There are 2 protein chains.
Amino acid sequence: MDKFMKAAIEEAKKGFLEGGIPIGSILVRNGEIIGRGHNMRIQKNDPLAHAEIICIRNAGRIGTYSDTTLYSTLMPCYLCAGAVVQFGIKKVIVGEAENFKGASEFMKEHGIEVINLNDSECREMMGKFIQKNTDIWYEDIGK
Amino acid sequence: MDKFMKAAIEEAKKGFLEGGIPIGSILVRNGEIIGRGHNMRIQKNDPLAHAEIICIRNAGRIGTYSDTTLYSTLMPCYLCAGAVVQFGIKKVIVGEAENFKGASEFMKEHGIEVINLNDSECREMMGKFIQKNTDIWYEDIGK
C-alpha cells in the first residue's frame with residue numbers, strides 16, 4: 001500500500017483509540033510528510049476539527065501549497081475541500097468514498113486531481129464506525 | 001446599521017488591536033448571537049484560523065445550523081464557504097466583497113442566501129489593512 005495512505009490510516013486509528021471518529025490525513029511535500037492529523041471533533045468538542053483541517057493546521061504556515069498532496073482516509077467534505085481549493089493544494093488522494101461521497105466533484109471543478117484508492121481497510125474502518133455510531137457521524141457532517 | 005454587522009465589526013477591530021487581520025464574524029440564531037470570532041491567523045500562527053471558522057467553533061456543537069445566519073465583515077473564502085455549505089447554514093450576510101470576491105457564487109449555487117451590505121466601514125477597514133499588509137493578506141488567502 002501507498003506509504004502515505006498507511007500513515008493516514010495510522011492517524012485514523014489513533015483517533016479511534018482516543019474515542020474519536022477514525023479519519024486520518026497527511027500532507028506531503030517532496031516525498032516527505034509535513035503535516036498529520038486525525039478527526040478530533042469528539043475529543044475537542046469542536047465541530048470543525050476534521051482530520052484534513054487539523055493536518056493542514058499542523059503543517060503550519062508553509063506559504064504555498066501548490067506542491068503539496070493531501071491524503072485522507074475518506075473523501076473530504078465541503079469544509080475540507082474548501083480548504084484544498086482556497087489554499088491551492090493540487091492533488092488529493094483518498095482511501096475511499098463509499099461511506100461518504102464528499103465534495104469530489106467540487107474539487108475536480110477547481111482543477112484538483114482527485115484519486116480514490118478505494119482501499120478495503122479504509123472502507124471497513126469507516127463503515128464499521130458509522131454502523132455503530134450513526135448519530136455521531138451524522139452530526140459530524142452537519143446532518 | 002444592522003446590530004449584528006456592528007458586532008462583527010467589533011470582532012474585526014479586536015483582531016486588529018491584537019495585531020491580526022481585521023475580519024470579524026458572528027453566528028446568529030433566533031435573533032441572538034451564539035458565536036463570535038475574528039481572524040487569528042497571525043495571533044495563533046494558524047493558516048486556518050479565519051474569522052468564520054473561529055466563530056462557528058466558538059458556537060460549539062449546536063447540532064443543526066439550518067436556522068442560523070452567519071455574519072462576516074468580508075465575503076467568505078472557499079474554506080469558510082465550505083463550512084457554510086457543509087453545515088447547512090442557510091443565510092450569509094457580509095459587510096463587503098470589494099476587497100475580496102470570495103466564494104459568493106459557490107454558496108449561491110448551493111442554495112444559500114448571500115446578502116452583501118456593501119458597508120463603507122467594512123470596506124475601508126479591510127482596504128487600508130490590505131494596502132499596508134499586502135504580503136500578509138495574500139498569504140491568508142493562499143496566494
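Of note:
- Cα-only Debye scattering, the stretch A:41-81: base-10 log of I(q)/I(0) at q = 0.29, 0.32 Å⁻¹: -1.17, -1.25
- Gap separating the Cα centres of the stretch B:76-116 and the stretch A:42-107, nearest whole Å: 19
- Distance (nanometres) between label positions extended 7 Å along Cα→Cβ at residue A:18 and residue B:2: 3.6
- Based on C-alpha pairs under 8 angstrom that are at least 6 apart in sequence, chain B has a relative contact order of 19 percent.
- Approximating the spin labels as points 7 Å out from Cα along Cα→Cβ, the residue A:138-to-residue B:133 distance works out to 4.2 nm.
- Here, the protein assembly as shown is characterised by an Rg to Rh ratio of 0.96, where Rg is the alpha-carbon radius of gyration and Rh the Kirkwood radius.
- A Förster radius of 41 Å combined with the Cβ-Cβ distance from residue A:124 to residue B:124 puts the calculated FRET efficiency at roughly 0.15.
- What sits nearest the axis between copies A and B, counting only chain A Cβ atoms, is the residue and whole-Å distance A:82, 1.
- Cα gyration tensor of chain B - equivalent ellipsoid semi-axes, whole Å, descending: 21, 15, 15
- Considering only chain A, percent of DSSP beta bridges that pair antiparallel, nearest 5: 60
- Spin-label model, residue B:113/residue A:116: points 7 Å from Cα along the beta carbon direction are separated by 3.5 nm.
- By other beta-carbon atoms within 10 Å, ranking B:109, A:10 with the fewest at the front produces B:109, A:10.
- Using only Cα coordinates, the Kirkwood hydrodynamic radius of the stretch B:1-55 works out to 10.9 Å.
- Only lysine pairs 8 or more places apart or on separate chains count here, and in the stretch B:3-141 those with Cα atoms under 19 Å apart total 16.
Where a number appears in this text, it was derived from the coordinates with a stated rule and is not lab data. Remember, predicted model here, so these are calculated numbers, not experimental data. No Cβ is skipped: glycine too gets one built from the backbone with ideal geometry, and neighbour counts run over all protein chains shown.
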